[in-house]
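Take a look at the structure set out below.
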Amino acid sequence: MILSIHLILQEVFGYDAFRGPQQAIIEHVVAGGDALVLMPTGGGKSLCYQIPAIAREQAGQGITVVISPLIALMHDQVGALHEAGIKAEFLNSTLSGEQATQVERRLLRGDITLLYAAPERVTTPRFLAQLDSLYERGKLSLFAIDEAHCVSQWGHDFRPEYRALTVLHERYGSVPRIALTATADALTRADIVERLQLQDARLFISSFDRPNISYTIVEKRDATQQLLRFITSEHMGDAGIVYCQSRKRVEDIANLLCDEGIAALPYHAGLEAKVRQANQDQFLRSEGIVMVATIAFGMGIDKPDVRFVAHLDMPKNIEGYYQETGRAGRDGQAAQAWMCYGLQDVVNQRRMIDESPAGEEFKQGLRGKLDALLGLAEATDCRRVRLLHYFDEESKACGNCDNCLHPPAVWDGTDAARKLLSTIYRVQQMGGSYGAVHIMDILRGKSTEKVTQRGHETLSTFGIGADLSEVQLRGVLRQLIAIGAVAVDAQAFNTLQLTDASRAVLRGEVPVQLRASVSSPAERKAKRSS
Ligand code: ADP
Ligand code: ZN
């Protein structure tokens, strides 16, 4: 008998109803369609391929191969499926040769419903030969590619092995594929489609909102004291994660927190594997542990009652920030995302990009992503609106973030923004596109060689921003980028481009607000004359 997908949901998994877009996705995949699923962590991606795998197997269509980069996650899922009475196995480096051979035998017999495999395994000649055999017999039902952003160098954990997965489409064209990820900015998404040849896949995007997480971003003054105040005043006894940039800082902060009576443990890739595992186990099992960690910690960690995620240093981009803060409040109860950022973070991140061996175009892309995060950090309006906007999702002010709860003092950068946009417009009229430095040089009336050469001293906007500091102009520019009124063309050396949204700002219809901590021209003048 073939069970309906509702029955599978209830009988096998014990849930009453589908969540969000699960049903639409599952129906589409059961019917043999390709899908690209963007769903935040905790949204319920697994069922989107597990139920189709079971339904299609029962319909005689054979085996589903799940490609996953995370060994721990494979083990958890296979364990859970066994408990539900489903034939699931995994093939990865933790199996002995003998165990692997046994799984392979069952695979060829068609005695497995879901097979989890690491990407590097899937593309070996040996494994492909086994898939060939299943395919020829019509027993290859579905490919599920989990953590699909790993295929993109724009994702935060690029895995070169994912690139080779195009072989699945080329070799087994009639087998449907579902790719899933929780990382979904436009650039990564486009890259996944192209790299995995999912042009014909239906796109399912869930809301990325995590309404129970309250976002706070503060400027760095004395970071460790700020962190300490945050934890002692709001989260004593709570489980939390503190992300730091370096291993040394992880150690220092973990010690400092312990000295202050906070149960903290360190986690970074430089620790012995045994210690790392022990600390992770303790964090998962005990209550109220604060894990101080580098970003090495967290992928695949499913601890429901993490009450806060703190960033003591700024991450690389919004996806990283979103992914890491998303580990808070998976139980749906109130949780906090707290970040502390300063100019030094920006300088460090920039330097890491500049010094990386990557190509120039790629580096420009990374810089653009960093700027977007900075735009979020400096925003004076709702953090959630900004965050969701980054994932192309419109929303209303949340009333639950720092800016909503305590609107920051702002200065009006509208005039400065108009000057900036006019300058971009005018140089384009003269037939060129330029990056931020050149545009700001014109505005501030600096007769650099480039300015003179291009004849930009003759522009009417030359020198009209002389009362603004470079820092202020950068602040204005970041705001404009953040609200989409300036586009940074990563394909063309980060040149600044006007957008549809520019016009409204130029006309003065959209106010541009900056945090008052970036002092206003009037304040600076007062300071200079005092
Ligand atoms: P993701 O892979 O998107 O991070 P999971 O697939 O691990 O999310 O699901 C997150 C949690 O939600 C799991 O505990 C899962 O059992 C639960 N879940 C998923 N779908 C449903 C549903 N329809 N009803 C109730 N719980 C669900
Ligand atoms: Zn808000």
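Quick check: anything in the range 291-303 polar (S, T, N, Q) and touching a residue at least 24 places away in the same chain (Cβ under 8 Å)? Yes, that holds for at least one residue. Considering only residues in the range 395-420 that are away from ligand 2 (no atom under 16 Å from the Cβ) and of a type in the set (A, V, I, L, M, F, W, C), the one that is surrounded by the most Cβ atoms within 10 Å (Cβ to Cβ) turns out to be L420. Inside the range 457-506, residues that are among the acidic types (D, E), at pLDDT 85 or above and not in a helix (DSSP H, G or I) make up a count of 2. Quick check on the range 86-103. Is at least one of its residues away from ligand 2 (no atom under 16 Å from the Cβ) and in contact with a Cys (Cβ under 6 Å, 6 or more places away or on another chain)? So far as the range 86-103 goes, no, none of its residues is away from ligand 2 (no atom under 16 Å from the Cβ) and in contact with a Cys (Cβ under 6 Å, 6 or more places away or on another chain). Annotation for the range 414-433: no member residue is of a type in the set (F, W, Y), away from ligand 1 (no atom under 16 Å from the Cβ), under 19 Å from L506 (Cα atoms) and without any contact (Cβ under 8 Å) to a residue 40 or more places away in the chain.
Which one is farthest from ligand 2 (Cβ to nearest atom) among residues in the range 372-392 that are assigned to a loop (DSSP other than H, G, I, E, B), at pLDDT below 90 and not small (G, A, S)? Out of the qualifying residues, it is D392.
Checked against the criterion of being touching a residue at least 12 places away in the same chain (Cβ under 8 Å), under 19 Å from I481 (Cβ atoms) and surrounded by 20 or more Cβ atoms within 10 Å (Cβ to Cβ), the range 445-458 has no qualifying residue. With respect to the conditions (1) in a loop (DSSP other than H, G, I, E, B); (2) under 19 Å from the mean Cα position of the chain (by Cα), D305 falls short on a single one, namely (2). A count restricted to the range 158-184 and to residues that are within 22 Å of R367 (Cβ to Cβ) and in contact with a helix residue (DSSP H, G or I) (Cβ under 6 Å, 6 or more places away or on another chain) stands at 1. Scanning the range 188-223 for residues that are surrounded by fewer than 16 Cβ atoms within 10 Å (Cβ to Cβ) and assigned to a helix (DSSP H, G or I) yields A190, E194. Scanning the range 263-271 for residues that are assigned to a helix (DSSP H, G or I) and in contact with a helix residue (DSSP H, G or I) (Cβ under 9 Å, 6 or more places away or on another chain) turns up nothing. The residue that is farthest from G342 (Cα to Cα), counting only those in the range 228-253 that are touching a strand residue (DSSP E or B) at 6+ places or on another chain (Cβ under 6 Å) and surrounded by fewer than 23 Cβ atoms within 10 Å (Cβ to Cβ), is H235. Please enumerate the residues belonging to the range 11-41 that are surrounded by fewer than 16 Cβ atoms within 10 Å (Cβ to Cβ), under 20 Å from V66 (Cα atoms) and either without any contact (Cβ under 8 Å) to a residue 12 or more places away in the chain or among the aromatic types (F, W, Y) (or both). Selection gives A31 alone. Could you grab me the full set of residues in the range 272-300 that are aliphatic (A, V, I, L, M) and crowded, with 18+ Cβ neighbours inside 10 Å? Correct list: I289, V290, M291, V292, A293, I295. Tell me, yes or no, whether the range 127-144 has at least one residue that is closer than 30 Å to H389 by Cα and touching a helix residue (DSSP H, G or I) at 6+ places or on another chain (Cβ under 8 Å). Yes - at least one qualifying residue is present in the range 127-144. Count of the range 313-338 residues, restricted to those that are away from ligand 2 (no atom under 16 Å from the Cβ), under 19 Å from G399 (Cβ atoms) and not in a loop (DSSP other than H, G, I, E, B), is 0. Looking only at the range 26-60, residues that are hydrophobic (A, V, I, L, M, F, W, C), away from ligand 1 (no atom under 11 Å from the Cβ) and under 24 Å from the mean Cα position of the chain (by Cα) come to 2 in all. For the subset of the range 323-348 comprising residues that are closer than 17 Å to L376 by Cα and of a type in the set (S, T, N, Q), which member is surrounded by the fewest Cβ atoms within 10 Å (Cβ to Cβ)? Residue satisfying both the conditions and the ranking: Q344. Counting just the residues of the range 132-157 that are buried (at least 24 other Cβ atoms within 10 Å of the Cβ) and assigned to a helix (DSSP H, G or I), which one comes out nearest to the chain's Cα centre (by Cα)? Top of the filtered list is H149. Among the conditions (1) under 23 Å from the mean Cα position of the chain (by Cα); (2) in contact (Cβ under 8 Å) with a residue 24 or more places away in the chain, the only one that E194 does not satisfy is (2). The C-beta contact set for the range 386-404 (first residue at negative phi, second residue part of a loop (DSSP other than H, G, I, E, B) and among the aromatic types (F, W, Y), distance under 7 angstrom, 6+ apart or interchain) comprises L388/F208; F391/F208; E393/F208. Being of a type outside the set (S, T, N, Q), outside any helix (DSSP H, G or I), within 16 Å of ligand 2 (Cβ to nearest atom) and closer than 25 Å to N212 by Cβ is not true of A310. Within the range 158-181, the set of residues being more than 14 Å from A118 (Cβ to Cβ), part of a loop (DSSP other than H, G, I, E, B) and either modelled with pLDDT of 90 or more or in contact with an Asp or Glu (Cβ under 8 Å, 6 or more places away or on another chain) (or both) comprises Y172, G173, S174, V175, P176.
The values are calculated or read from the model by the stated rules, or taken from the named source; none is laboratory data. Note that the structure is a prediction, hence the values are computed from the model and not measured. With ideal geometry, Cβ positions are generated from the backbone for all residues, glycine too; neighbour counts draw on all protein chains shown.
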